[in-house]
1. Quick check on this structure: which one of B:I42, B:I62, B:I36, B:I50 is β-branched (V, I, T) and within 13 Å of B:L26 (Cβ to Cβ)?
2. Here are some residues: A:V342, A:V369, A:V289, A:V294. Which one is more than 24 Å from A:G77 (Cβ to Cβ), crowded, with 22+ Cβ neighbours inside 10 Å and outside the structural domain of A:Q135 (by TED's automatic domain parsing)?
3. Restrict the check to region A:238-252 and report whether at least one residue is in contact with a strand residue (DSSP E or B) (Cβ under 6 Å, 6 or more places away or on another chain), among the aliphatic types (A, V, I, L, M) and surrounded by fewer than 23 Cβ atoms within 10 Å (Cβ to Cβ).
4. In region C:365-380, what residues are part of a loop (DSSP other than H, G, I, E, B) and in contact with a His (Cβ under 7 Å, 6 or more places away or on another chain)?
5. Under 8 Å between Cβ atoms, which residue pairs at least 6 apart in sequence (or on different chains) link something in region A:26-41 that is facing chain B (nearest Cβ under 8 Å) and free of Cβ contacts under 8 Å to residues at least 40 places away in the same chain with a partner that is of a type in the set (K, R) and surrounded by fewer than 20 Cβ atoms within 10 Å (Cβ to Cβ)?
6. Which residue is nearest to the other protein chains (Cβ to nearest Cβ), if the candidates are limited to region C:309-348 and must be part of a loop (DSSP other than H, G, I, E, B) and over 22 Å from the mean Cα position of the chain (by Cα)?
7. Assess whether B:R149 counts as being within 30 Å of B:A123 (Cα to Cα) and in a helix (DSSP H, G or I).
8. Which residue pairs have Cβ atoms under 6 Å apart, sit 6 or more places apart or on different chains, and have a first residue in region A:237-259 that is more than 20 Å from A:T212 (Cβ to Cβ) and within 13 Å of chain C (Cβ to nearest Cβ) and a second that is among the hydrophobic types (A, V, I, L, M, F, W, C) and surrounded by fewer than 24 Cβ atoms within 10 Å (Cβ to Cβ)?
Amino acid sequence: MDAALIAALRNVLGEAGLVGSGSRLVPYESDGLAMLRHTPEMVLLPRTTAEAAHSMRLLAEAGVPVVGRGAGTGLSGGATPVEGGVVISLARMRDVLEVDPAGRLARVQAGVVNADLTRAAAPHGLFYAPDPSSQMACTIGGNVAENSGGPHCFMHGSTTRHILGLVIVCADGEVLDLSEPQPDPSGYDLIGSFVGSEGTLGLVTEVTVKLTRVPPVTETLLAVFPGLDGACDSVSDMIAARLEPSALEILDRLTIQAVEASVFAAGYPKTAEAVLLVELEGSALEVDVTSKDVLAILEQRGAIELRKARDPLERRKLWAGRKGAFGAMGRIAPDLYVADAVVPRTKLRRMVARTAEICRERNLRLATVFHAGDGNLHPNICYDRRDLDEVKRVLEAGRMILQECIAAGGSLTGEHGVGLEKLEGMDMLFKQADLATMCRMRDAWDPERRMNPGKLLPVRACREVRTNPLPGVEARDAAAGAES
Amino acid sequence: MSTGKEFAPPDATPPQADPIAHARDLVDYAASLDCIHCGLCISSCPTYRISGRESASPRGRIHLMRAAAESRVEADADFAEEMDYCLVCRNCESVCPAGVQFGRMMELTRDGLESRRQRKLSARLARWLGFRIVLPSRLALRLVGTLTRLMQVTGLARMFAPALGAAGRALQSLPALPPARERALLPARNRGLRNTGDSDARPALFMLEGCAQPELFGHVNRSTVDALCAAGHDVHVARAVCCGALHAHNGELDQARQLARIYVQEWVRSCAAEGAELIPITNASGCGAHLREYGELLAGDAQCGADAARFSALVRDWSELLSPRIADGSLKLTAPTNVSGPVAWDDPCHLCHGQGVREDPRVLLKAIPGLEQVELHDSESCCGSAGIYSLLRPADGAAILAPKLETLANSGARTLVTSNPGCQMQWLAGIRSKGMDVRVVHLAELVQPTQRT
Amino acid sequence: MDLHAQLTQVVGPGELDMWDGDAGGNLPRVAPNNIDEAVECLRLAHSNGLAVIPEGLGSRRTWTHQPKRADFVLSTRNMRGVLSYEPGDGTLSALAGTTCAELEQCVALGGHRLTPDLPRPQAGTIGGAVASGHSGFDRLRVGPLRHHILGVRALLGDGTLAKSGGQLVKNVTGYDMHRLYCGSFGSLCLLVEINLRLFPAPEEWAAVEFHAESRAQAAQAALDLEEMRLPLDAVLIQSPTDTSVRWTVLAFLSGRRAVIDVECDRVHSSLSDSNVKLEMQRGTEARSKREQCRDLEWDEQAGWAHLRLGVHPTGLPALLEQLDTCFAGSVAQFSIQPLIAEVQVRFEEPLTDTQAVAVHDRLLASGLNFHWRAAPDSLRSQGDIFGSAPTGIALMQRLQSTLDPQSVFARGRYLTGL
């Protein structure tokens, strides 16, 4: 890295705002997907939008690629640094700028931790609805980049439905201030198309979010099943019956065992083959009416035990267990392959069974835990990276699972994003023309393709369409204007 | 019981260890594999929250340890600095779904780093004095205590502190030491009060007075014993001085093992003399968490290992003995006369994260009649004391305390309750520097069981 | 070969007529029968440097500006039909030219209701609804239309067929191009296929109507209803009409029958406590009342000038304050959804050009976010019926020129030259 550039950046960010060399860069080499690594040239830690924009301008002049990073909890390699690139971390942008209880919104710096936002909203009877399992660590900025989900997105929708405004530092260092919330701003939906763009369009530095009223009544049910089939069928039945719980989550036996051995032990029965967590929200009456229907389905589908959380503490415990599930797998396997496929909710049972079969055939251990209500599967395949044959089998199984999901009308990722990890799958799901169209949108934001290059879109797709606005267009329109 | 070798002064020339080679002995590689890199810990980490650097987060530090073991990174000055910056508050362990034993890994890494560090002679001398001479010896501690009080009373402390550099700052950060009468040690045996009608005798206890506690806050030990005796326990007071927690946290594992051995052996002898298994207890959270690790620490010790494991399994914080009695109604507390205004409880890290004790102190506080309590937001985050961290890195310690001082000010509490001498000192220093009107007490000072007839 | 003949060659003679639209005279209007034919039409435009106006049934023709230049109109009206409706999954995929009414009927069979719940569903296509970003009457309950589009297939100006998203309720694979297209008024692409998320059809409906002495009182009544946390689809306050001098408050509820029973009682007793006389309807009556209110928002046939104002609910009090100044001196009817801070303004007497320009200038000066739907031609030719240029306009222009570099889709119909 150029010494003058480093000096200029240090001038903007101060000594504590720049990690320039040495072992301190090493922990940034990967995000939650530890398999893929690349040490960044530098890590920048701006405290304000202005600092971020100033840094970005300097990097643009030097033509340096930039990877944005929140807490680095993503699972698709979205925050893995790139060749010759720097990381801009949001870790020092953690201020909740404003909580407006009347307007039911909050304005935060993008490095604010998801759970801290809900904590700030809680005194007003409000909460921030998207609740990724990593919510105690992940940042709102990262959530925006990935369009993160979470168990309660079944009812409340993924991140994109909760974003009212953004401040974006564009690739050239320009600040795009879209923070003023408007129901239908005129012009193209820049916010909607930016959310979920995985850091390839710009760096988000401030976010205006919608806050949701805490429901009057929340009821959490735990249903124990002798097998995954019954749990999956129950979910499909509930969707088909158009019931509207707020969350539907399934955990299989291996996951239950890992969770129960951890600090997040939730009291799931250790010998159960599958548990289904059902949460209902609404007025006491709504919850009561729905709960009756839900219970009838659970019983009919062969639940062998039904438990209702007695108090908020027990409810929190049931959820803490679910949310700690991924980390808890560290106890049962040195490495974990996490898939994030989505299928139509009518296909749950078949896909879950096929996933198990695919792993069994390859002698792989599978732990499954997923957002059943959204059809969002998370098969976690255990392996040891030192066993090369096993690694090969895992990758093969992963590919097969994805292929089958896509054949069933499904998709590659429901909430983790494409990142680096699922690039290969993009060709399975999209045609060249689809990807080329996405590249065109990207080129409007970042014509030099310096923002998180090589993520989300297969490079080949981008190389083929270097679109440039035709010089003749404006002239022609001007001529037409003159005619009329 | 110490060999001459252990008490030998440091060599004038530091060991010429190659700082890069043999990084493997820095790290428990197998333990580092438990970390699945999920990152749930990072926001719980006080040093990450302040610096924003992932290398100063638990996951980042484990990543560094692992990379060092895989020879992908050098254990260079930056590496050492990030390890030193860690408070070992173990907040990360409380949120780790994979159950990574971060504290234990850090102790090992610091021990490995210490052996290859090239410290200045003065620093080596200070460490040698502190860890090898003063902490393990009651006599030396008394001497230091008396001298310090003398300097404080005469004003010499204030006068000379600026000239003494780091030591001077440490001297100034100490609270006013109590007079000798309050620093008196406890009797070796304290009989519990018993009613004729008592159906079951309460288990006898084996209490650690600790190194600093008698000098700094002697009355805390007395209050603890009084409360336990009033609740019907016999309390044996150990003669062993320091439990070795400070050594273990600061890269002196061998000395920590030695001190652990001394303590376990005394416990074994006392149990034999009493003909019963005494329950080891402490009122200092840092010591308690470390005592629970003795089994691991001495796992390879043919002579002491089994005893240490048994010992660790029995260790309790003193509050754990009393809180069930509140719950079952067999113990009542009296209203304290020494407190006015709302009180706030701040969980010592090594009580909540290190020992998993969260409810018992709260049960005791709730049982005190007429006590107004306020909750402190983030009460489980570190105050920055962290053993001798606040002495070694005063600026970092203060930065970590700063947001907590603000929370305290906003809470309206007039008394801050904790249960660890280090935390007490840190809070006192912080409150003094901000000119706040808040008392700092140990929980034992508020817990006064109703005298039974 | 002239354009007419070329288009006829693609779609056959029956699917070409003349459109008495904008841009100074009649234009040929072509209605391809399938996607392939639509691709051919666009390629024709692309290779000959022609400009195209996309439309569905043309019901929102007056919602945009007159284009700077246009050569023919491309209608999706023949590309209709449900491609897949999965009642067990609550999702729908349909060709863009399908009317909302057809879709409503289709999904009702599986127990779902269509979102968006739009006025006069038989008059507009789903493609048109998405292209204009037209959210439904039940927006309070389900949120804006853009949240419920799961994926689309669209034709770019060069005839490229490109999909984004899928037919899945949760999916983050690739960019959400459909979010960009939603509300782009055909200035980026021609939508040919739309996938939507569906909501359960309620078991029971209820409508509550009462009067308030003033607008402020009516708005407060709406807020009070929200505080009760009722299963509300919409709350509407309407300005006084010829027959009444008071404001009308209308609330529409829907949900499980047992719930609606109890909630209606709750509304009844709470309003009776404050001595409000109310009318309450249930079932089909409630439904038709609701449809009546919904359709009033967009009654093209009446030929009323009509516009929509929206702010984030925090801005509602300020918005209401500004109404008086902005519309002073004109006979405007207001129908306001206070809980989502949306105001529909109708002029039931034709506005003179002078009046229209006066209102428009005041709106521009107010800084409010507005959109003339059915604007007088004098305004439509002026080029700012969507208000002044928003932040990010330069980026929007870049987006348009990268997605449609040859300006196949007629420029100038959307805001500030887009």
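1. Numbers: B:I42 fails: within 13 Å of B:L26 (Cβ to Cβ); B:I36 fails: within 13 Å of B:L26 (Cβ to Cβ); B:I50 fails: within 13 Å of B:L26 (Cβ to Cβ).
Among B:I42, B:I62, B:I36, B:I50, only B:I62 is β-branched (V, I, T) and within 13 Å of B:L26 (Cβ to Cβ).
2. Testing whether each residue is more than 24 Å from A:G77 (Cβ to Cβ), crowded, with 22+ Cβ neighbours inside 10 Å and outside the structural domain of A:Q135 (by TED's automatic domain parsing) leaves just A:V294.
3. no
4. Here is the first cut: in region C:365-380, the ones part of a loop (DSSP other than H, G, I, E, B) are C:367-369, C:374-376.
If the condition is that a residue be part of a loop (DSSP other than H, G, I, E, B) and in contact with a His (Cβ under 7 Å, 6 or more places away or on another chain), then C:A374 is the only one that fits.
5. A:V26/B:R72
6. The initial filter retains those residues of region C:309-348 that are part of a loop (DSSP other than H, G, I, E, B), namely C:311-312, C:327-331, C:338-341, C:348.
From what's left, over 22 Å from the mean Cα position of the chain (by Cα): C:327-331.
Details: C:F327: 20, C:A328: 24, C:G329: 26, C:S330: 22, C:V331: 26 Å.
Of everything passing the filter in region C:309-348, C:F327 is nearest to the other protein chains (Cβ to nearest Cβ).
7. Criteria met by B:R149.
8. Sorted first by the residue in region A:237-259, then by its partner, the pairs are A:D237/A:I297; A:M238/A:I297.
The values are calculated or read from the model by the stated rules, or taken from the named source; none is laboratory data. Just so you know, these numbers come straight off a predicted model, no measurement behind them. All Cβ positions, glycine included, derive from the backbone under ideal geometry; neighbour counts span all protein chains shown.
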